[in-house]
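The values are calculated or read from the model by the stated rules, or taken from the named source; none is laboratory data. All values derive from a computational prediction rather than experimental measurement. Using ideal geometry, Cβ is built from the backbone for each residue, glycine included, and neighbour counts are taken over all protein chains shown. When the accessible area is computed, the model is the full protein with side chains, heavy atoms only, and any ligands, DNA or RNA have been set aside. Shrake-Rupley method; radii C 1.70, N 1.55, O 1.52, S 1.80 Å.
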Amino acid sequence: MNEFQTELKNSLERFRLDHIEPHAEHDDAEENFRMDVFRGLGELGVCGMTVDENYGGLGLGYTDLCIALEEIAKSSVSYAVTVSVSLMVQGIIQKFGNEEQKKKYLPDLTSGQEIGAFCLSESSSGSDAKSLKTTAKKVEGGYILNGAKMWITSGGIAKTYVVMARTGEEGAKGVSAFIVQDGTEGLSFGKKEKKMGWKVSPTREVLFQNCFVPEENLLLGEGQGFKVALGGLDAGRITIGSIAVGLSDRAVSESVKYSLERQQFDQPIFDFQGLQFMISDMACEMEASRLLVMKAAELLDAGKINSKLCSMAKLKATDVAMKVTTDAVQVHGGVGYTTEYPVERMMRDAKVLQIVEGTNQIQRLVIARHLKKEFQG
Ligand code: COS
């Protein structure tokens, strides 16, 4: 880490310990999202970190963002994910939007005044994203959207939605991407999902009923929506990886701390070699996943985005987070299974990291396709 990154990490550590950690257990139980916490992260520049300064961002790289998200995730995967998805939406608008769209939609998102959400999944199209059924029918001056998007992170609290809908034929080429803002007639939200983890981050269905969207809200052009979505997801998969690393890091720290305090058979349980081996493996896997995430982020920053490494980073870091948080509960024994210690929440928060932004089975499929292509040329 360079000097700037160390300062970034330290300021976010102070922020999370002052503003997130004290409420973590309560807010998890109450499923309470605090907009003032998100806006506080915005004041630190995190919410628009990788966006150009012309649109209110900091113009920093994904390596910097990964350091920031890791730090936030140590106290709250939910806030880290809210930032990460909002930044994915901004990344999409910055990369695929025209100047007018960037000027109109980015500043409120970069400042953290508003949140962005990404609407791709539907009840019958999750992994098979290109089979989506939401329609966007061309009418004079724009499109009429009809359909339902499911499992939308920040659904209902976000202001700006990037929505993939079908304007043409079946398959990827018939998909287009639109920017739709909360308050648009015909846009509404379903009930908040009851989830195992990520309880602070609301997940809702996003519904479109004869929702008119003006043509200036179309991103890139008709039929380009699948590329827009997958292009955004490449970067999103790296940031989900960094959140997983932050979670693993905290789980390792909690395990070392607890095992040094907890006495059994007249000695700290840390002194048992069986436990040392377990914790060493946890720490080693966590560092390995961090290196992979950073490598993918460095390539992205160098303008050499590599979908294979994006998928590898997401796959490795999230599988490691699941294993490490599960082992952290094991290290804590009975109390680890209760809300008295944060590892219980961390294990619940880890699970969906293996599912979102492409299941880890889809990541393996993407990696295998790249390997085959590299081999066959
Ligand atoms: N970036 C840009 N374009 C991409 C891309 C990427 N990373 N990956 C694929 N594409 C393009 C392809 O080039 C192809 O376009 P052309 O026909 O012009 O070449 C088009 O997208 C369709 O690709 P493909 O035929 O490979 O589609 P498949 O359905 O076979 O596979 C997967 C695509 C399964 C990899 C994709 O649907 C996927 O990632 N699914 C998971 C979805 C997901 O992550 N959902 C989570 C939502 S957020 S919680």
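Observations on the model:
- The range 172-200 residues that are assigned by TED's automatic domain parsing to the domain that holds residue 131 and on the phi > 0 side of the Ramachandran plot, paired with ones that are among the hydroxyl-bearing types (Ser, Thr, Tyr) and within 16 Å of the ligand (Cβ to nearest atom) (beta carbon under 9 Å, 6 or more apart): 198/78; 198/153
- Tally of residues being of a type in the set (Gly, Ala, Ser) and open to solvent by 40 Å² or more (accessible area, probe 1.4 Å) across the range 72-95: 0
- Looking only at residues of the range 359-377 that are among the charged types (D, E, K, R) and surrounded by 11 or more Cβ atoms within 10 Å (Cβ to Cβ), we find that the one that is farthest from the ligand (Cβ to nearest atom) is 364.
- Checking each residue in the range 121-159 for being charged (D, E, K, R) and within 22 Å of residue 86 (Cβ to Cβ) picks out 122, 149, 159.
- Note on the range 128-146: residues that are within 27 Å of residue 366 (Cβ to Cβ) and more than 15 Å from the ligand (Cβ to nearest atom) total 1.
- Checked against the criterion of being modelled with pLDDT of 95 or more, assigned by TED's automatic domain parsing to the domain that holds residue 239 and under 30 Å from residue 31 (Cβ atoms), the range 295-303 has no qualifying residue.
- Within the range 333-342, considering residues that are open to solvent by 20 Å² or more (accessible area, probe 1.4 Å) and not polar (S, T, N, Q), the one nearest to the ligand (Cβ to nearest atom): 342
- Of all residues in the range 175-197, those being out of contact with any strand residue (DSSP E or B) (no Cβ under 9 Å at 6 or more places or on another chain) and open to solvent by 40 Å² or more (accessible area, probe 1.4 Å) number 3.
- Counting the residues of the range 148-169 that are more than 15 Å from the ligand (Cβ to nearest atom), under 14 Å from residue 180 (Cα atoms) and out of contact with any Lys or Arg (no Cβ under 6 Å at 6 or more places or on another chain) gives 3.
- The lone exception for residue 22 - which of (1) under 17 Å from residue 4 (Cα atoms); (2) open to solvent by 30 Å² or more (accessible area, probe 1.4 Å); (3) of a type outside the set (Gly, Ala, Ser) it fails: (1)
- Residues of the range 308-332 that turn out to be among the polar types (S, T, N, Q) and out of contact with any Gly (no Cβ under 9 Å at 6 or more places or on another chain), as a count: 2
- The selection criterion, being closer than 23 Å to residue 81 by Cα, away from the ligand (no atom under 16 Å from the Cβ), surrounded by 14 or more Cβ atoms within 10 Å (Cβ to Cβ) and not basic (Lys, Arg), does not hold for residue 268.
- Among (1) surrounded by 18 or more Cβ atoms within 10 Å (Cβ to Cβ); (2) within 13 Å of the ligand (Cβ to nearest atom), the one test that residue 172 misses: (1)
- Within the range 198-211, one or more residues are part of a loop (DSSP other than H, G, I, E, B), open to solvent by 10 Å² or more (accessible area, probe 1.4 Å) and among the charged types (D, E, K, R).
Let's see how each residue does on (1) assigned by TED's automatic domain parsing to the domain that holds residue 28; (2) open to solvent by less than 40 Å² (accessible area, probe 1.4 Å); (3) farther than 19 Å from residue 31 by Cα:
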site: 97; (1), (2), (3): yes, yes, yes
site: 107; (1), (2), (3): yes, no, yes
site: 110; (1), (2), (3): yes, yes, yes
site: 125; (1), (2), (3): no, yes, yes
site: 130; (1), (2), (3): no, no, yes
site: 139; (1), (2), (3): no, no, yes
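- Answer residue from the range 343-358, given it is surrounded by 24 or more Cβ atoms within 10 Å (Cβ to Cβ) and assigned to a helix (DSSP H, G or I) and is farthest from the ligand (Cβ to nearest atom) among those: 343
- Applying the set (1) free of Cβ contacts under 8 Å to residues at least 40 places away in the same chain; (2) away from the ligand (no atom under 16 Å from the Cβ) to residue 303 leaves exactly one unmet item: (2).
- Candidate set from the range 108-145 (those that are touching a helix residue (DSSP H, G or I) at 6+ places or on another chain (Cβ under 6 Å) and in a helix (DSSP H, G or I)); member that is modelled with the lowest pLDDT: 130
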